[in-house]
Amino acid sequence: MNKSSFEQNGGTYRTVGDYIIPNIALPAEANKPLGVWGLKRKDYLMKDKRVQFNIMLMNGTLWTHLAEIDEQASDMFSRLVEQMKVNEDITEKLKADDQMEWVARMNNIEARAREIVNHELIFTA
């Protein structure tokens, strides 16, 4: 009997009931836990970039990509918040003197930093 091209390339089959099914497995990939940024990127790819998501999933590069984006975005967010705090003179003294003002300004900074990270890393092609 002639071998299929799948078998000629080293593929094997298994029998399940009346069916012959190829033994196919995705490449092993390190499943590093994802943070909020990695999960946001995953959702974006699943909803808006479905083809890219599926290609990365089949290539075994999806989780690595998501972990890298998560790490980059987390670092970028922290760096932006610190830079904005320095530029806008938000100090521990302000926190001690006027807590409500400090909270309002920090919330504003964090919202702007989130927006920048989303635009630059998460919701890009």
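Values quoted throughout were computed directly from the atomic coordinates according to the rules given, and no laboratory measurement underlies them. Keep in mind the model is a prediction, meaning the values are calculated, not measured. Every residue, glycine among them, receives a Cβ derived from its backbone with ideal geometry; neighbour counts consider all protein chains shown.
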query = Tilt of helix 36-48 relative to the longest C-alpha principal axis of the chain, in degrees (0 to 90, nearest 10)?
reply = 50 degrees
query = If you line up the long axis of helix 99-117 against the longest principal axis of the chain, both from Cα atoms, how many degrees apart are they, to the nearest 10?
reply = 30 degrees
inquiry  = Considering the Cα positions of the chain, please state its Rg to one decimal place and its Dmax as a whole number of Å.
reply    = 23.6, 85
inquiry  = Sort 70-80, 35-45 by packing, meaning the average of other beta carbons within 10 Å per residue, with the highest value first.
reply    = 35-45, 70-80
request  = Would you mind checking the tilt of helix 62-87 against the longest principal axis of the Cα atoms of the chain, expressed as 0 to 90 degrees and rounded to 10?
outcome  = 10 degrees
request  = Just tell me which lysines come within less than 28 Å, Cα to Cα, of Lys32; anything on the same chain fewer than 8 places away is out.
outcome  = Lys40, Lys42, Lys47, Lys49
task = Would you please give the residues with an amide H less than 5 Å from that of Tyr13, counting only those at least 5 places away or on a separate chain, with H modeled from the backbone geometry?
result = Asn23
ask   = For segment 106-125 and segment 1-69, what is the separation of their Cα centres, given in Å?
value = 30 Å
